[in-house]
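Working notes for the structure below.
We did not get these values from a lab; they are worked out from the coordinates using the rules stated. Source: prediction; values computed, not measured. As a convention, Cβ positions derive from the backbone with ideal geometry for all residues, glycine included, and neighbour counts pool all protein chains shown.
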Amino acid sequence: MVERRKFDRYDLAVPVKIETLASTAKKRKISLKTVNVCAGGAFFRTDTALAEGTKVRLDLVISYGGLGTFLGPASARIRVLGTVTRTRQDGMAIRFSEDYVIAPMASRTSMNG
């Protein structure tokens, strides 16, 4: 089988909230973790995959550990639109659009104090 990927893929478990964008269907919101991620998309393990072609908005939360005390908040939210491109019995692949927003998240101490 010929490898067709354009980007390196990394095995990362990143928390993500997925919301369907279909205007004619009932909107769905689900919380999952990625199995692997690349610049072009991600694979999610789930037994209730969305249909191929479904348009979604994803909010991924990336934590970067000890750098938070030096650089400010220790995590960032990446918001990106995507499309379900493949479903399998154990999960689904979502291709990211090229438009995305990266925003620092407030630290837990500032949210609680």
A chain fully extended from residue 79 to residue 31 at 0.36 nm per residue, minus the present Cα-Cα distance, gains in nm 15.9 nm
Based on other C-beta atoms within 10 Å, arrange 96, 44, 7 from fewest to most.
-> 7, 96, 44
